[in-house]
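Working notes, structure below.
The values are calculated or read from the model by the stated rules, or taken from the named source; none is laboratory data. The structure presented is a predicted model; accordingly, all values stated were derived computationally and were not measured. Neighbour counts are summed over all protein chains in view; Cβ atoms, including those assigned to glycine, are modelled from backbone coordinates with ideal geometry.
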Amino acid sequence: MRLPAYLPGTVVTAAIVVAGALLMALLNLLPASFPLHVPDFAVSLTAKYLSYALLALAVDLVWGFAGILTLGHAAFFALGGYAMGMYLMREIGTRGVYANADLPDFMVFLSWTHLPWYWYGFSFFPFALLMALLVPGALAAGFGALTFRSRVSGVYLSIITQALTYALMLAFFRNDMGFGGNNGLTDFKDILGADLHAPLTHAVLLLVTALSVAGALLLTRAVLAGRFGRLLTAVRDAENRTRFLGYRPEHAKLLVWVLSALIAGLGGALYVIQVGIINPGEFAPGNSIEAVIWVAVGGRGTLSGAVLGAVLVNLGKTLFTGLLPELWLYALGALFILTTLFLPRGLMGLRRAPEAAAIAGEPAPVTPEMAVPEDAS
Amino acid sequence: MPDIPAWLRRVAAGLVVACCLLGASASAQVPDPFAGLSQTSFNAVAASVTTLAASGAPRAQAVITALGERRLYAARTGDALYIRNGSDYVDARSGAPARPDPDTIRSVRVNNRIREAVAGALALFGLTSSDPAIRLRSADAAYDSHDPAALPVLDRALAHEADAGVVHRLREARAAALLSAPGQAGKPGDAGAVQERIDAVRILAASGGLPARAILAGLHDQPAAVQAAVAQALSSIDLRLRLWSVAQDLFYGLSLGSVLLLAAMGLAITFGVMGVINMAHGEVMMIGAYTTWMVQQAVAAAMPALAPVSILLAIPAAFLVCGAIGVAIERGLIRFLYGRPLETLLATWGLSLVLQQAIRSLFGPTNISVVTPGWLSGSLHWGGLVITLNRLAIMIFAVLVMGALSLVLRRTSLGLEMRAVTQNRRMAALMGIRTPRVDALTFGLGSGVAGLAGVAISQIDNVSPNLGQGYIIDSFMVVVFGGVGNLWGTLAGATTLGIANKILEPVAGAVLGKIVVLVLLILFIQRRPRGMFPLKGRGVES
């Protein structure tokens, strides 16, 4: 078995992300009159893209390396976001509309008298950050343990992940849940005492996000480079054969699934700080599928590709929705179709087309006879 | 109308009647039932309308009708009443022609309360109609108003009534009116009166339904025996209402199930035969609904006479349009992705976005109004059950479509080839079946069925570019739940999910019910990863 060819570029990508963010942050701190000045909105937009990149990385980890097409990763992303949002909500304190020190505004509005137990502790940043990782991780562990053990795979698994995020979306829309219902959590003021609307805060947040992306890249690289990475590849390409060789594919899948949920949760937490709002719409199944297309565009099965795809597609989305809003859905739809038809390995696949074929198994010349169910890929 | 004024009004009317009766027995001199009408107070006029209707005076109906049509005039002084017919007047009491000086009379003014009293009174006159249907309707109206003042009229009507159905309804109306008379807890009350009330309670309890429950629940200050009967009646009515509401939930569940069945059948075919998850399936349904709309518009423009049956014309049209779209999708997109089911899923999702946006560009983002023809609107009432015709029609339609589909699968050569390809694609190809052609036709068939689902959905749901989104997850659930092996799995999956949704809804609320169903489904998949009716055969992986 050869060393995976997709990993070396990862360190370079991590370095580029951090260096780029650092440069951007520094240029942002220059006076506005300076020609190279980067405007504030560009900084927070980039930080938003990078938090999406974490989600893309999470999706890529399970789809690209373990063959699990998730259509529900937005659930982990949004849960992380809600955990962080709860901290930011508590941080508002008496500056809310109702100036209630004990209850967030929406609870006062719903005439609740005391804080629900699951909001306890969210006044402390470390606790909230921990929860932003633990809650998605625990959900992933429970869900994964059930599904992988009973060998639900392929499109069935995809549909169930979609149902999972759909159920959560419906749940979070309910006011009774205590997460702000339809409106979600918003109107945040500051984080750790730093004003969320100050340019400096944004610059620091961009750096933090970039470091998180780089950290996640290096972590996943470390996980995938060893024996575990090869086991995952084996599971992806021939699950039953791997099982017959004496491995436990469900354990490998569960581990990578939970790791992926943790990364997605972190992404969600950072995302909420950047955009200043989290609502149940983040759970929408469409969001999860969009995250999958970022990975597909960038290059499934390459860590750098996930980051690249997330940034590029979202940049395109920002430009498109600004210039030609009614055409964006056409463009996104075309992106789905054209990528799957003509760029099965994404943009990264363009770069090393010759050796890529050896990685995931070249799709043979397509005939309907191919549709005999194999291990889903 | 708020409860208390209505109650007070009834009491007032009852007192008026009581006074009249007392007056009649005391002095033996019949009071003038028309007298109140010439007063200026709205309340007095309204009360006297009820009194007059109950009095049985021969001219009562004509006078009350005239009052309702604002043709009743009163002398400014004295209590003379006139009815104007065009430019002529007649005396209200006798019907004899009269020539009052127009300056000395005034029109009797009418407000909502009087209008209501007039309507109630006129309904009572229907009790003497020769047509049993009108009598029944009048009895219904008397039941609904359950005005104690109408008791004498009801008694008279009961004495003459021959039609069993009307008698039954009149008894209920009489019981309701009797119980609505003011309570007599304070008075010792003779045993006869108490027994009469208890009988009335029993009659109402037997009639069941919410109106009877409302009357019984509103009873206070009754003698203890009556109150006990009321409590018993209430619990028996509540039990029956609960049973009916379960039946109603079952009906809604079956209705939802039939919609899901229509939506999922096409999906089951494409998924079952080709292993292809078509995320654009919902959008094909949406196009079916838009086709229905276009057919309706075209028929309304070209052949207005056919408008009521345009929905029937839309059925083949939607099948053909959507079937053609399905073949185009298969030939243009999906056949390049065989063997890569997950990527097919992504490509068809992209396609769904494009289709949605295309429809939005063509028809606008707002709902369009698909007409429900007259013969499909309205509802049947059966006991406590309300069966809306359009939902009933969709159930029948779903069963017909399923029957037709299973005929196609079992009795045609295409069906044979499709089943062969489902069971073992490679073997089927080796036997000389042209699998690409079967694939295209299968996809066309599945999409055509989606179009039929669109026609059905256009009758009960908003038709907008987002229509497909609302059904796609549910129909996937049906397919996953039922398994892709056969149509029976789809049927079982659709009805189970539909009923489970609707049974849970009243218990847990609509949203929570749906969540519970989804979670149960996720757990179910743990036990049966391939659904209730998994496909068996050599071609199937583990």
Criterion violated by B:S130 - all others in (1) under 34 Å from the mean Cα position of the chain (by Cα); (2) outside any helix (DSSP H, G or I); (3) under 24 Å from B:V45 (Cα atoms) satisfied: (3)
Residues located in the range B:335-357, provided they are closer than 16 Å to A:I159 by Cα and within 7 Å of chain A (Cβ to nearest Cβ): B:R340, B:P341, B:L342, B:E343, B:L345, B:L346, B:A347, B:W349
The range B:325-375, residues that are among the polar types (S, T, N, Q), surrounded by fewer than 23 Cβ atoms within 10 Å (Cβ to Cβ) and assigned to a helix (DSSP H, G or I): B:Q357, B:S361
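Could you list, in sequence order, the residues of the range B:62-105 that are among the acidic types (D, E) and part of a loop (DSSP other than H, G, I, E, B)? Give the steps one after another, and end with the answer.
Residues of the range B:62-105 among the acidic types (D, E): B:69, B:79, B:88, B:91, B:101, B:103.
Selection gives B:E69, B:D79, B:D101.
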Qualifying residues in the range A:220-247 (those that are without any contact (Cβ under 8 Å) to a residue 40 or more places away in the chain and not in a helix (DSSP H, G or I)) - the one nearest to the chain's Cα centre (by Cα): A:G226
Test for B:G468: is it in a helix (DSSP H, G or I), more than 11 Å from every other protein chain (Cβ to nearest Cβ) and more than 12 Å from B:G266 (Cα to Cα): yes
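Looking at this structure, is B:M431 out of contact with any Gly (no Cβ under 7 Å at 6 or more places or on another chain), within 14 Å of chain A (Cβ to nearest Cβ) and in contact (Cβ under 8 Å) with a residue 24 or more places away in the chain? It would help to see each step written out before you state the result.
On the way: out of contact with any Gly (no Cβ under 7 Å at 6 or more places or on another chain): yes; within 14 Å of chain A (Cβ to nearest Cβ): yes; in contact (Cβ under 8 Å) with a residue 24 or more places away in the chain: no.
No; evaluated as a whole, the condition is false for this residue.
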Failed item, numbered, when B:I277 is tested on (1) in contact with a Gly (Cβ under 9 Å, 6 or more places away or on another chain); (2) buried (at least 21 other Cβ atoms within 10 Å of the Cβ): (1)
From the options B:M418, B:M427, residue that is at pLDDT below 90 and either of a type in the set (K, R) or within 26 Å of B:A494 (Cα to Cα) (or both): B:M418
Cβ-Cβ under 6 Å pairs, at least 6 apart or on other chains, the range A:333-349 side under 14 Å from B:L333 (Cα atoms), far side surrounded by fewer than 18 Cβ atoms within 10 Å (Cβ to Cβ): A:L341/B:F336
Unmet criterion (only one of (1) more than 10 Å from chain B (Cβ to nearest Cβ); (2) buried (at least 24 other Cβ atoms within 10 Å of the Cβ); (3) touching a residue at least 60 places away in the same chain (Cβ under 8 Å)) for A:N314: (2)
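Please work out if A:P285 is at pLDDT below 90, under 18 Å from A:G184 (Cα atoms) and within 14 Å of chain B (Cβ to nearest Cβ). Give the derivation first.
Values: at pLDDT below 90: yes; under 18 Å from A:G184 (Cα atoms): yes; within 14 Å of chain B (Cβ to nearest Cβ): yes.
In short, yes.
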Answer residue from the range B:285-305, given it is free of Cβ contacts under 8 Å to residues at least 24 places away in the same chain and of a type in the set (V, I, T) and is farthest from B:I472 (Cα to Cα) among those: B:V299
Which numbered condition B:H381 misses (of (1) within 19 Å of B:D461 (Cβ to Cβ); (2) assigned to a strand (DSSP E or B)): (1)
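Each row is one residue, and each column tells you yes or no for (1) in contact with a helix residue (DSSP H, G or I) (Cβ under 9 Å, 6 or more places away or on another chain); (2) of a type outside the set (D, E, K, R); (3) under 30 Å from A:V59 (Cα atoms); (4) in a loop (DSSP other than H, G, I, E, B).
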position: A:L79; (1), (2), (3), (4): yes, yes, yes, no
position: A:M89; (1), (2), (3), (4): yes, yes, yes, no
position: A:G93; (1), (2), (3), (4): no, yes, no, no
position: A:Y98; (1), (2), (3), (4): yes, yes, no, yes
A:Y82, sole failed condition from (1) within 12 Å of chain B (Cβ to nearest Cβ); (2) buried (at least 24 other Cβ atoms within 10 Å of the Cβ): (1)
Qualifying positions in the range A:175-187 - within 14 Å of chain B (Cβ to nearest Cβ) and modelled with pLDDT of 90 or more: A:F179
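A quick yes/no check of all residues on (1) within 8 Å of another protein chain (Cβ to nearest Cβ); (2) at pLDDT 85 or above:
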residue: A:L324; (1), (2): no, yes
residue: A:Y330; (1), (2): yes, yes
residue: A:L343; (1), (2): no, yes
residue: A:A357; (1), (2): no, no
residue: A:A360; (1), (2): no, no
residue: A:A371; (1), (2): yes, no
residue: A:E374; (1), (2): yes, no
residue: A:S377; (1), (2): yes, no
Criterion violated by B:L136 - all others in (1) touching a Lys or Arg at 6+ places or on another chain (Cβ under 7 Å); (2) of a type in the set (A, V, I, L, M); (3) touching a residue at least 40 places away in the same chain (Cβ under 8 Å) satisfied: (3)
The listed residue being of a type outside the set (D, E) and over 28 Å from B:M279 (Cβ atoms), out of B:G446, B:G378, B:G364, B:G415: B:G378
Enumerated helices (runs of 4 or more DSSP H) restricted to the range B:151-255, each holding at least 2 residues that are closer than 28 Å to B:G56 by Cβ and touching a residue at least 40 places away in the same chain (Cβ under 8 Å): B:151-160, B:164-180, B:209-217
The listed residue being closer than 30 Å to A:L23 by Cβ and surrounded by 16 or more Cβ atoms within 10 Å (Cβ to Cβ), out of A:A75, A:A42, A:A66, A:A47: A:A47
Count of the range A:119-132 residues which are surrounded by 13 or more Cβ atoms within 10 Å (Cβ to Cβ) and either touching a residue at least 60 places away in the same chain (Cβ under 8 Å) or not aromatic (F, W, Y) (or both): 8
Tally, over the range B:425-472, of residues that are surrounded by 20 or more Cβ atoms within 10 Å (Cβ to Cβ) and under 32 Å from the mean Cα position of the chain (by Cα): 21
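Restricting to the range A:133-174, and then to whatever is part of a loop (DSSP other than H, G, I, E, B) and touching a residue at least 24 places away in the same chain (Cβ under 8 Å), can you tell me which residue is nearest to the other protein chains (Cβ to nearest Cβ)? Spell out the reasoning first.
Step one: of the range A:133-174, the residues part of a loop (DSSP other than H, G, I, E, B) are A:150-153, A:174.
Those left that are additionally touching a residue at least 24 places away in the same chain (Cβ under 8 Å): A:151, A:153.
Values: A:R151: 6, A:S153: 8 Å.
Only one residue fits best here, namely A:R151.
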